[in-house]
Structure formats: C-alpha cells, structure tokens
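Data first, discussion second: the structure below is written as structure tokens.
The values are calculated or read from the model by the stated rules, or taken from the named source; none is laboratory data. Computed from a predicted model, the values in this text were never measured in an experiment. Cβ: placed from backbone, ideal geometry, glycine included. Neighbour counts: every protein chain shown. Protein only, heavy atoms only, side chains kept; ligands, DNA and RNA dropped before computing areas. Shrake-Rupley method; radii C 1.70, N 1.55, O 1.52, S 1.80 Å.
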Amino acid sequence: MMKLCKAILIICMLWCAVSVAQNDSINRLEKVTLLANTTKKQEELGLKKVELSVEQVVKNPTNFTELLRYNSPIAFKDYGNGGASSARFRGTSATNTLVLWNGVSINAIGNGQVDFNAISASTSDNITVNSGGGSVQFGSGAIGGVVQLNDILEFREHQDFDLFTSYGSFNTTSNFFKANIGTGKWAVKVASTYNKSDNDYEYLDTRYKDENGKALKNINGNYKNYGVDFSLGYQFSSLNKIYFYTTKYYGNRLFSDGLPNPSAGTERNEDFNQRNLLKWDLSFNSFKQSLKIAYLTQEFRYYGDKEATEYNFGKSNQKLVNYDLSYRFSNYLRLKYTIAYKVIDGATNDLESRKRNGFTLGGAVFYVPTETLTTSFQIRRESNSDFSVPMSVSVAAEKKLNKSIVLKTNLSTNYRIPTYNELYWPVVGNLDLVPEKSKQLELGVDVDVNKLHLSATYFYIHIDDKIIWLPTGGTNLWRPKNIQKVVNQGFETSLSYTLRITKNQELLATSNYTFTNAVNKKTEDNLPFVPNHLLNYNLEYTYKKISLYAQGLYQSKVYTTEDSIDFYSIDAVRVLNTGINFTLFIKENTKLVLGGKINNIGNNTYYFTNLRPMPGRNYNLNIHYKF
C-alpha cells in the first residue's frame, strides 16, 4: 500500500512539473473568477460528494436515516423504524462517520457516534455527504466520510418562506417551517420542525404470532421530537460579515423490545441538544480570515421503565475556538493556516466529570499550475491532553482532460481518538487504548455529458489499531481493545440524468451504488454489518403539473458476526416506494404542491438488525408550500 501511495505521489508531482513546463505566458494571465469559484472545492479536492436538495428532503420526511438511505452511499444499522440508527460508511464503524453542523462536529462525546434518527435535518439549507477521509480538515472520526448540515444566510433583499406538513400511517406526522429574510444589511433565518408517530406497525414476519395466533405489532415504539433554529447575520460590507447560529432539539421515544415479544419493551429515552455558533468572516487585500466560537451541549436520559421518574443520564459540553487565515498570492497559489482550541467535558450517573483539551495547528497549499490541473497539500497536527495524536496529511489533485472528463486522486492519513465510553465505562473501560490510524487512497473520475453526470471512485482504507469490543475471559463482559488491522476497499458510483422529452415532459434519474469488501486482516474474516452491495435509485417523470416518482433500495445479505454464520445473517433487502406530486399553484416565488406516497409498495418483510422488523406497506399525504 505504501509503495502504491509513493508511486502515485511521484506521478502527481511529475504531472504538475510537466504541466508547469508547458504553461505559456498567456495562460498565466490573472482571471479573477478562477479562485473564487474553486476555493471551497479545493479544500475537498479529489473526494466524492453528494448534495441533497429540498425536493429529496420532502420525499423522505420521516427521519434523517431514511433521507440518506435512499439518496446517499451510506449503509445504516437501525433498531427498527425510529429506533437508534448508526452509519456504516464504506464499511467502517459508526464512530468513523463524522457529522458537522455549520462546520462543528456534533458526534456524541460518550460513544463517538451520531444517532441519525435523533437529528432534525429538514431545517438545514444545505446537506452534503462527503465520501472518504477528512481528518486533515475536520479532525477525529472522519475516516469513512463526513455528513455536513449547513444553514445559509443571504443578505440580498428577499423574503422566502417554506412550509411542509405530512400525515400518514401509524399516526405519523412530519412538519417543518423555514423563513429566510434579507434586507441588504441583515439576514435572518427562523425554522422549526415537529415529528411524531405511534409507530405501532404490524410485523409481517409470519414466523411470530401472539397467543391468539395474530400478527405482532411494534408495541412501545412511539416517538416525538421537535427542533427550533435561529440564525442572524449582519453585513458591515461585502468583505466584512458576522453570523450567529443557534439550534435546540428535544426528542422523546420509547424502545420496542422487538421479536419475539415486542410488548415486553418498557424503555424510554430523552435527548436534549443545544448548539450555538458565532462566526466572523473578514477579507482584506489578499487575506481572508474566519473566526468561529462555538458552545454545544448534549444530554440523554434513559429510563429502564417508561413510567419511572428515575433515570440514568449522560451530559457533555463542548467549547471550540477556530481561526482560519488564508492568503492568495495569485489566482494560482493560495496558502491557508488554521489554529483551533477545543475543550470537552462529559459525565454520566456512573462516571464523574472528565475533561479533555485539544490544540490544533494546520496548514494547506492550494496550487493551480494550469487551467486544467488543481493540486493541494494539507497537514494537521493535534495536541491532545489524553493521547499522542498522529499527524494527518492529505495530497490531492484533479485533472480536467476535456470539457466532459475530470480525473481525481486523494491520498490521506486520518485518525479517531478513543471515546469516553471506551476509556472510562465502569469495570470494562480500557485506559490503555490508543487512537485508530488510517491510510487512505481515492482514485476517481467525473463525467459530464449534456444532462448526464457520472462519478466513479475506487477507495482503499487501511486502519491500524482498530478498536473493537470483545468478550473478556469467558465472561459476559465485553471490553474495547486495539487489536485489529482492517482493510476496506471497493468502489462508489453516483449517477444523475435529466431528459427533456418534450416542452412539458421531463425524466429525472439518480442513483448511488457502492461495492465494499471489509476484512479483519488478523482473521481474514469479513467485518459484520457491512453489505457487499448497496444500491439506491430515484426515478421521476414530470408532465406539466404532475410528477410521478419511484424510490428503490437494494442491500445485499449482511452477516452480523465475524465468523459469518448464516443463522445470524440478515437477508438481502429489496424495497420500492412510489409517490405522486401535483402542483396546485405556481407563480413567481409561490408554489403549492400536494403529494402522496406509498412506502414498501411490495409489502416486503425486511430487517436492518436481527429481530427488529421494518414496516410493511404504509401511506403518506403531504402539502408543501413555498412563498
């Protein structure tokens, strides 16, 4: 692997040298728009990215897991509909997927994961899924990929409102409202979301019945949650802007016991999250600076009995100061410097307060030797109060062969710091753990021909000191250990195609496919909960004011144990959803759409976790009003 990385690095350097040698004086003329259009892209150079639109959000309004499951390359392991849900990005563990809110990590301090059924994403203005390593930009945990939730404030004079409400089977309702206002100097956004469901769907698996021979139901699975967002921006000038973002989330859900006796479930969980961010952007001469100050709190309360008043809890808070400074020598060369300081503090009813400090220095060089070649070199070093953290490095390049084809490559090293649970959990916590370290390679191509976009990427991930939980000495206790070398490799593809059939007819198709082979190099066994094949697709046909669409998902057979025992495996998943939207009114910035959707139209029995069946055929009606 290291020989391959060195070879590719040498090729990239020679590529740059040849390109520079061939570059004449005409090509060196300044073009003001070149860097402005590519600054953000340069920092994610060589990586695959998927952006989700508002239209995709309203087609999957129930929870964030469903939105990503049908529109991104991420596989999920969730404990039934509405239950705890964690990502398996490129076959990595849940702690190797990083989730950012306006650039700030919101992964839980305790277990290092994100429960995607406990996030309100519908009020975000921009949702982006970045595949591949990102520790050099975002720090610990960015190995499989990064999911970004961003709020966008616009200062232009405008008033935009967005209202969505839906109601469906199992007394399920999903709702959100967004208001974005700009006055030229001020920008304001107010948003809220509310979701609720009895979630008492009938299990289709005929192997299990109640004492009367009737089908079982998902008892004790109901949930409700709401979120409120407020963002404010002020523009001193076009080069000097200040922003404030705040959001609050509350979730309350019960946990079904699943099969064979869902009525035995009595557990309840509450989540309380508060996030605050102050940001200042200033540009002067060839400099551009950005200062972020963030304060985040997270709390959960777990009730073994939903009727009880006593509970187990976990609380944490995170304080962050991040300063970026970049200097543009020309439209062909830019330098960036980053300094950050973070303090996190967490405690549970069984664990006294623990504090961790981290100080980060980073630097980057972005060089555009020709109009068809962009390169970057980034480095990051974190000083952590608990660990010796490995340095992160990224080398990337993109070469435009012609108007339609772009070649991409990215080499990076990434890391994940052990979580509080892994270190301090009573009895089984392991203070001898060290950070996970990865070496990663991306080789990709993007093809754009007319209305067709195709992106294909080969990925290779080698993780050392992988942390896993293992049984201890013939007991029922499980303890985390650094014992594995893991290799994940495969390829990802994404496709989008728009066909204008006639003036009033249009066909839109999008798809994501991932092949993953994840192996524990110590045992040569496949890692559990990693599907070899994952495919989702969306087809939409529009005729005047009517749109018909279909969503499909295929996930290959999944083994739940490392020794790949068929008895404990989960069968392949095949699900098809279909829906219709009718535009009742459209004029200038006003649009009213009435929609309906049938989920799991084939009424198939399927699971993502053993003994936790997903819903059969179910229905949804919705109204979407933009004005």
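Structure values in brief
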{"read-out": "Lys/Arg +1, Asp/Glu -1 at C-beta; segment 128-200 dipole; positive extreme among Ser135, Tyr167, Gln148", "value": "Ser135"}
{"read-out": "Selection from Leu401, Ile293, Pro615, by position along the positive dipole direction of the chain (Cβ)", "value": "Leu401"}
{"read-out": "Estimated FRET transfer efficiency (Gln505, Tyr167; beta-carbon r; R0 30 Å; 0.05)", "value": "0.45"}
{"read-out": "Cα gyration tensor shape of segment 428-541, rounded if a/c is under 1.5, else prolate or oblate by comparing a/b with b/c", "value": "prolate"}
{"read-out": "Stokes-Einstein D (µm²/s) once Rh is taken as the Kirkwood radius of the chain over alpha-carbon pairs, at 10 °C in 1.306 mPa s", "value": "61 µm²/s"}
{"read-out": "Three-way shape call for segment 555-627 based on the alpha-carbon gyration tensor, with the a/c threshold at 1.5", "value": "prolate"}
{"read-out": "For segment 355-510, size of Cβ-based charge dipole, Lys and Arg +1, Asp and Glu -1, in debye", "value": "120 debye"}
{"read-out": "Neighbour-limited loop hits for chymotrypsin sites (Phe, Trp or Tyr not before Pro), segment 474-536 (at most 14 other Cβ within 10 Å; DSSP other than H, G, I, E, B)", "value": "none"}
{"read-out": "Coarse-grained scattering of segment 271-356 at q = 0.20, 0.26 Å⁻¹, given as base-10 log I(q)/I(0) from a Debye sum over alpha-carbon atoms", "value": "-0.93, -1.18"}
{"read-out": "Of the trypsin sites (Lys or Arg not before Pro) in segment 348-450, those whose Cβ has at most 15 other Cβ within 10 Å and which sit in DSSP loop", "value": "Lys403"}
{"read-out": "Average accessible surface area per residue within the chain, 1.4 Å rolling probe, Å²", "value": "46 Å²"}
{"read-out": "Taking the C-alpha atoms of segment 96-201, convex hull volume expressed per residue in Å³", "value": "132 Å³"}
{"read-out": "Electrostatic dipole magnitude of the chain [Cβ: Lys, Arg +1; Asp, Glu -1; Cα centre; debye, to 20]", "value": "1560 debye"}
{"read-out": "Accessible-area value, Asp563, 1.4 Å probe, nucleic acids and ligands omitted, Å²", "value": "100 Å²"}
{"read-out": "Ratio of the Cα radius of gyration of segment 481-627 to 2.2 N^0.38 Å, where N counts its residues", "value": "1.39"}
{"read-out": "q = 0.16, 0.27 Å⁻¹: log10 I(q)/I(0) that the Debye formula gives for segment 152-226, counting C-alpha atoms only", "value": "-0.70, -1.11"}
{"read-out": "Tail beyond 26 Å, pair distance distribution of segment 372-490 (Cα, percent)", "value": "42 percent"}
{"read-out": "Three-way shape call for segment 37-153 based on the alpha-carbon gyration tensor, with the a/c threshold at 1.5", "value": "oblate"}
{"read-out": "Selection from Tyr497, Thr514, Gly112 lying farthest towards where the dipole of the chain points positive, charges on Cβ", "value": "Tyr497"}
{"read-out": "Coarse-grained scattering of segment 233-299 at q = 0.13, 0.17, 0.25 Å⁻¹, given as base-10 log I(q)/I(0) from a Debye sum over alpha-carbon atoms", "value": "-0.58, -0.73, -1.00"}
{"read-out": "Only Lys, Arg (+1) and Asp, Glu (-1) charged, at Cβ; segment 479-627 dipole about Cα centre in debye", "value": "600 debye"}
{"read-out": "Within the accessible area of segment 393-485 (1.4 Å probe), percent carbon and sulfur", "value": "61 percent"}
{"read-out": "The chain, helix-only ellipticity at 222 nm - DSSP H runs n ≥ 4, -39,500 (n - 2.57), divided by all residues, nearest 500", "value": "-2500 deg cm²/dmol"}
{"read-out": "Computed accessible area, Leu52, all protein chains, 1.4 angstrom probe, square angstrom", "value": "20 Å²"}
